[in-house]
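Visitor: Quick one: this structure, given as structure tokens, is what I'll be asking you about.
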Amino acid sequence: MGETCVDKYEGSLVETLEDGSEVPFSPYEIPKKHQVRAVSRAGVVPQAYISMFEARRACHNSGKRLCRSQEWKAACRGPDNTRYPYGPTRVPGACVDTKRISPVIKIFHGGHTAEHMNDPRLNQLEGTVAPTGTATACTNSYGVHDMVGNLHEWVDEGIFRGGYYLDTEINGEGCEYITAAHAPYYHDYSTGFRCCADADSLPLDDDEDTSTTDSSDGMGAENAKHDGIPVDDDEWDDDTTVPVWDLAKSTTRALAPKPRRARRRR
């Protein structure tokens with residue numbers, strides 16, 4: 001497969017209008033039926049309310065793809081291979097996972113219906129999701145941010161990883177966190193995503209803004225299957241390395257040997 005590039009920040013969206021211009025898409029709205037693509041930017045509210053299918057489409061529209069579970073985990077654990085991006089044990093407040101409020105309880109006093117869980121007001125409350133990169137300690141020497149906490153991140157196997165602002169421990173701590181209970185069309189106020197790409201599918205010029213590319217090179221066969229879900233047909237090669245790039249600027253951050261494939265929790 002070669003080397004893998006991982007977005008520095010959780011994904012946000014821009015919408016393409018009929019005249020071809022682009023405008024930011026609201027991170028508080030469901031993107032279904034909108035022509036959107038993914039971008040990786042600092043200091044913006046990341047996109048929630050998104051299903052795996054919509055996240056995959058948004059990455060594809062920017063010439064990228066959803067991260068695979070093991071490459072996501074390798075980027076999260078960093079070159080020191082730690083449980084949290086910043087170290088082996090949880091540090092309260094290092095990521096966006098401390099002293100946050102439950103917006104569903106705050107607004108609806110419970111009642112976790114699909115309508116309530118997708119209400120656009122939820123993540124607009126103070127003490128919920130934070131702009132990307134706000135938690136400056138929630139990173140590692142690869143330069144990736146917010147891989148633990150803030151929003152759940154869909155990966156291509158149809159699970160989401162890393163927890164969100166109310167929970168980074170129940171389903172595994174930190175980078176080990178996995179939620180596999182939802183179908184790939186599921187979405188709510190906690191579901192976000194991050195894009196990856198194969199290094200050889202991106203421009204090598206450091207000055208080129210790859211967040212605007214329309215290239216689909218390296219995306220693989222759209223109809224290949226893995227666990228019943230369409231995925232890229234390239235397989236994870238244990239002999240490859242994982243460079244973490246800022247895909248918005250195509251700047252290589254680091255190289256790390258890839259860990260062995262782990263069994264996925266079900």
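Visitor: Considering only residues that are charged (D, E, K, R), closer than 17 Å to ARG83 by Cβ and assigned to a loop (DSSP other than H, G, I, E, B), which ones fall in region 113-167?
Guide: Going through region 113-167, the residues charged (D, E, K, R) turn out to be 115, 119, 121, 126, 146, 153, 156-157, 161, 167.
Retained after the next criterion (residues that are closer than 17 Å to ARG83 by Cβ): 146, 153, 161, 167.
Residue satisfying the conditions is ASP146 alone.
Visitor: May I pose another question? Looking only at region 1-24, which residues are touching a Pro at 6+ places or on another chain (Cβ under 6 Å) and either part of a loop (DSSP other than H, G, I, E, B) or among the charged types (D, E, K, R) (or both)?
Guide: GLU3, GLU10
Visitor: Separate question: Looking at LYS64, LYS99, which is the one that is among the charged types (D, E, K, R) and within 26 Å of CYS195 (Cβ to Cβ)?
Guide: LYS64
Visitor: Looking at VAL14, VAL36, VAL6, which is the one that is in contact with a helix residue (DSSP H, G or I) (Cβ under 6 Å, 6 or more places away or on another chain) and over 22 Å from GLY149 (Cβ atoms)?
Guide: Result of the check over VAL14, VAL36, VAL6: VAL36.
Visitor: Could you tell me whether SER211 is over 24 Å from THR134 (Cα atoms) and at pLDDT below 95? First the steps, then the outcome.
Guide: Values: over 24 Å from THR134 (Cα atoms): no; at pLDDT below 95: yes.
No.
Visitor: Please specify each residue of region 141-188 satisfying the condition of being over 20 Å from ILE50 (Cα atoms) and under 16 Å from the mean Cα position of the chain (by Cα). Break it down stepwise before answering.
Guide: Keep residues of region 141-188 that are over 20 Å from ILE50 (Cα atoms), which gives 141-144, 169-176.
If the condition is that a residue be over 20 Å from ILE50 (Cα atoms) and under 16 Å from the mean Cα position of the chain (by Cα), then TYR142, GLY143, VAL144, GLY174, CYS175, GLU176 are the ones that fit.
Visitor: Looking at THR136, THR113, which is the one that is free of Cβ contacts under 8 Å to residues at least 12 places away in the same chain, under 30 Å from ALA74 (Cβ atoms) and surrounded by fewer than 23 Cβ atoms within 10 Å (Cβ to Cβ)?
Guide: Going through THR136, THR113 in turn, just one is free of Cβ contacts under 8 Å to residues at least 12 places away in the same chain, under 30 Å from ALA74 (Cβ atoms) and surrounded by fewer than 23 Cβ atoms within 10 Å (Cβ to Cβ): THR136.
Visitor: Got at least one residue in region 29-39 being closer than 22 Å to GLY143 by Cβ, in a loop (DSSP other than H, G, I, E, B) and under 14 Å from the mean Cα position of the chain (by Cα)?
Guide: Looking for residues that are closer than 22 Å to GLY143 by Cβ, in a loop (DSSP other than H, G, I, E, B) and under 14 Å from the mean Cα position of the chain (by Cα), one finds none in region 29-39, hence no.
The values are calculated or read from the model by the stated rules, or taken from the named source; none is laboratory data. Just so you know, these numbers come straight off a predicted model, no measurement behind them. Ideal geometry is used to build each Cβ from the backbone, glycine not excepted, and the neighbour counts take in all protein chains shown.
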